[in-house]
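The values are calculated or read from the model by the stated rules, or taken from the named source; none is laboratory data. Just so it is clear, the model here is predicted, and its values are computed rather than measured. So basically every Cβ, Gly included, is an ideal-geometry build from the backbone, and we count neighbours across all protein chains shown. For accessibility, only protein heavy atoms count, side chains too; no ligands or nucleic acids. Shrake-Rupley method; radii C 1.70, N 1.55, O 1.52, S 1.80 Å.
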Amino acid sequence: MSLRLLLLAAVLCTVQGRLHSVTKPSTALDVDEPVYLALEDKSSPMFTKDTMPEVSPTLKCIINLTAQYFLIYTALAVVRTINQLREAKMTGLQQMLETACTTVTYAPMLSVLFLGTRMRAIQLAQGHTEKYGLPQWWVQDAMYACSGAVFVQVLVVLLIPVVTGDAAAKTDEDGNLDMSTSQAGGTLVTALSVIRYLLMLGLYGGFTTVIYGCFAMEGPKEIWDGNEPPVSPALFSTILLTSTFFGVYLLVALTKTAIELRGNSVFLQKLSSVLTLAKFTVNFAPMLAILFIGARMRALQMDPKNGNPQRWAQCCFYLCTASLVVQTLMVVLMPICTECEVKQGSVEGDVEFEVEDESVRIVLTVVRYLALAAMYTGFSAVVASVFLITHPEDPALTPPLSTAMLCTMNLSVQYFGVYLGLFLCNTAKQCFSGPFVGKLMAIFEAGQKTVMFAPMLSILFWAARMRALQLAKTEDGTIPTTAGPPYWAQDAMFLATWSVLIQLIMAMVLPALSDENIQMDENGAVKPPQSTSWAVTATFEGIRYFSLVSMYGGSTAVMASMFLMTPESIPPYSDSVGYVPPPPSVPTPTAF
């Protein structure tokens, strides 16, 4: 089943080139922003290079978080490669960058929340967010506070070795500063601890303010006359996922603070252990949330004012969200309220409950499997809804999927396909014994690290598309049907997506063909078996590094496009074409 999902991801990216030519894009609607659409691309652009609006505060914050995320990981990959190639190791720099990676843990979840808030503002203002001041100024300030808190945390981690003389700054598993082992003086440690708590206050206070702003946001009276729609199921589910995500990490931080102030105890030690396991469960939240936002954008293409995915798709939003929340509550509350021990399962996000009462154990196991099955079933249904949804007035007007949506679907299938395979293998391992199940599980474990960038890449693609649609407005306030980022930026989206898919296929095919145990390097890439020939090893290494460079290079190009794009350089005002053909249009029904 999982291998079929991965093959589907590959087909989604390759089939479009077979079904459509690059000479003339489709005239079907191709806009992911709730504004009125132009059916013809004949109008002149509203803006020029000199008069175009600045990047919105929301996108600035998303760019900030995305840049931090990929710059840190790119620098770490470069340093690790250099250390592998030469004898003089830059151990201190590598440790410093590895520590900095833990500080960007919150970037994907924050970015999805900001993106959903921006979509809410665009819907209420019908695209004129600057005119009506949406999101509210204090919500935008809260976004700056969140992204600034993460950025300052990264700077502090990078500067601490210079100030204190330590080999590298220390952080806990959640990316928060840990000065308990620092060799610096008491005053400096106190000052850094104060900075730590101020950053936490800015982070958690900021995201709480953004969530409140989503519900308090009011639409203009001339558009809605006081009858603006409520928060959509997609955004509401994203808010629930965000609250669960940050709730767990906040409890972890408070527990560690209590241990620092009052000393350790049996209760605090037990609570700290279960919260650590709960973090693995909520790590699915960013990918689920961006999938919900993508499905919502697809629906808004067809009904800019009240568009929503199918009713059953919206129920699946809540099903996935409830599944994650139930699993998290079970992990946290069961060991505290009952005589139950929680242990991490073989799959990230999965846990095992051990109790003496056999009937209680059976009930907990059934609930756990039902919750996991609900999440994967809901995810599959949401993906299907994106392809099955049609225009409410005429199916012939159903727009093709945009590049951002295609890439998001591709990455989502890769991400959840790997974890579904791990879950099924773990279940089979408990019922059957033998080398085949163990090897199959090793295959999916080898692909686990290659999909870690999927949520952040998806968010980046949508942010670039939002910026392009803003600049593509015509003089009459409409948006051309072929509007989108520059073609080279869309090609970069495909490049980054395909590079992740290539690494994933290599990571899963190699252990299937080899009798040796598969090994991963520090960058999450597969190492070639030692028994292979030099030529095979060289080829394998070349593909491996080309995939890594493609992923980092593609993401960098998409980020750069948000600053470099102008109305004259984006479709339909630019005459350039991309290397990857656009997706096929929905064929017009013929009368019999």
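Computed from phi, the 3J(HN,Hα) profile of segment 483-491 under the Karplus parametrisation 6.51, -1.76, 1.60 (θ = phi - 60°) reads 5, x, x, x, 4, 5, 6, 5, 4 Hz, with x in place of Gly and Pro. The share of accessible area on segment 449-506 that comes from carbon and sulfur is 69 percent, using a 1.4 angstrom probe. Sorted on the mean count of surrounding Cβ atoms within 10 Å across their residues, most packed first, peptides 120-128, 147-155, 44-52 read 120-128, 147-155, 44-52. On full extension, the segment bounded by SER273 and GLU228 gains 11.8 nm, given 0.36 nm per residue less the C-alpha separation.
Here the calculated FRET efficiency for GLU475 and SER576, from their Cβ-Cβ distance with R0 = 22 Å, stands at 0.45, rounded to the nearest 0.05.
Element breakdown for segment 217-303 at a 1.4 angstrom probe: carbon and sulfur atoms account for 58% of the accessible area.
Rolling a 1.4 angstrom probe over the protein heavy atoms with all chains in place gives segment 40-104 an accessible area of 50 Å² per residue. Scoring 465-476, 368-379 by mean Cβ neighbours within 10 Å over their residues and listing the highest first yields 465-476, 368-379.
Does segment 47-127 come out rounded, prolate or oblate, given a ≥ b ≥ c as the square roots of the eigenvalues of its C-alpha gyration tensor, rounded meaning a/c under 1.5 and, failing that, prolate meaning a/b above b/c? Prolate is the answer for segment 47-127, as a/c is 1.5 or above and a/b outweighs b/c. One Cα centroid belongs to segment 83-159, the other to segment 369-405; the line between them spans 28 Å. Taking 0.36 nm per residue of separation and subtracting the Cα-Cα distance, full extension of the segment from TYR212 to ALA384 would add 58.8 nm.
The trypsin sites (Lys or Arg not before Pro) of segment 79-110 meeting both criteria, a DSSP state outside H, G, I, E and B (loop) and at most 15 other C-beta atoms within 10 angstrom of the site's C-beta, are ARG86, LYS89.
Taking a 26 Å limit on the Cα-Cα distance, which of the listed pairs LYS89/LYS279; LYS49/LYS131; LYS131/LYS305; LYS89/LYS449 fall beyond it? Table pairs above 26 Å Cα-Cα are LYS89/LYS279.
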